[in-house]
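J.: Provided herewith is a single structure, encoded as structure tokens, for subsequent inquiry.
The values are calculated or read from the model by the stated rules, or taken from the named source; none is laboratory data. Just so it is clear, the model here is predicted, and its values are computed rather than measured. Cβ placement follows ideal geometry from the backbone for every residue including glycine, while neighbour counts extend to all protein chains displayed. SASA here: full protein model, heavy atoms, side chains in, ligands and nucleic acids out. Shrake-Rupley method; radii C 1.70, N 1.55, O 1.52, S 1.80 Å.
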Amino acid sequence: MLLSLIFLIVLVAAVVGFVFRHEIKTNFESNLNLALRDYNVTADRHSEAVDTIQRTLHCCGVQNYSDWERTEYFTQRGIPRSCCKSQDDCSEEDLKDPSKAKLKVFVDGCFFLVTSTMESKMSVVAGISFGIACFQLVGIILACCLSQYITNNQYEMV
């Protein structure tokens, strides 16, 4: 029974994830926009997450690097250094000037890169989940067979 319950929970989670995938994208985009708006130099966890995404995926902003121009951080310090193609060739003056920054920072936005990376990995996740579900079904069938065997042989014991 417990194995059947776990199987049903995993099945429901997979269906909900598939059905609400567009809502997940929308929420991610709005949260990324909020993280950019609230970005600061005090290195809170949201700012660190934005920096990590930008460094790892070689992207800048939500749709493109110009998203930073609408933030309070840009008026103070320009585009963050995590957007720089090369940390050595990226001065604060260049990051404050959008025309100069275009040559020194990643121009592609992070939203498309994150969602395309997630979608490309979904087949691997789906395959692994399917494999686990098959093992669970085999476990359920074997548990039912064992239960039936024990029930049938219970009265033959002396």
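J.: So is L95 among the hydrophobic types (A, V, I, L, M, F, W, C) and over 30 Å from N27 (Cα atoms) or not?
T.: So L95 does not fit the description; no.
J.: Kindly indicate the residue of region 95-112 that is in contact with a Leu (Cβ under 8 Å, 6 or more places away or on another chain) and farther than 15 Å from D51 by Cα and also least open to solvent (accessible area, probe 1.4 Å) among those meeting that condition.
T.: A101
J.: Going by the conditions given, is T117 surrounded by fewer than 16 Cβ atoms within 10 Å (Cβ to Cβ) and touching a residue at least 40 places away in the same chain (Cβ under 8 Å)?
T.: Against the criterion (surrounded by fewer than 16 Cβ atoms within 10 Å (Cβ to Cβ) and touching a residue at least 40 places away in the same chain (Cβ under 8 Å)), T117 qualifies.
J.: T52 passes all but one of (1) at pLDDT 90 or above; (2) crowded, with 17+ Cβ neighbours inside 10 Å; (3) not aliphatic (A, V, I, L, M); which number fails?
T.: Evaluating T52 over (1) at pLDDT 90 or above; (2) crowded, with 17+ Cβ neighbours inside 10 Å; (3) not aliphatic (A, V, I, L, M) leaves (2) as the failure.
J.: Could you please find all residues in region 74-91 being in a helix (DSSP H, G or I), modelled with pLDDT of 90 or more and surrounded by fewer than 20 Cβ atoms within 10 Å (Cβ to Cβ)?
T.: If the condition is that a residue be in a helix (DSSP H, G or I), modelled with pLDDT of 90 or more and surrounded by fewer than 20 Cβ atoms within 10 Å (Cβ to Cβ), then R81 is the only one that fits.
J.: Can you name the residue in region 14-49 that is among the polar types (S, T, N, Q) and not in a loop (DSSP other than H, G, I, E, B) and, of all such residues, is least open to solvent (accessible area, probe 1.4 Å)?
T.: Of everything passing the filter in region 14-49, S47 is least open to solvent (accessible area, probe 1.4 Å).
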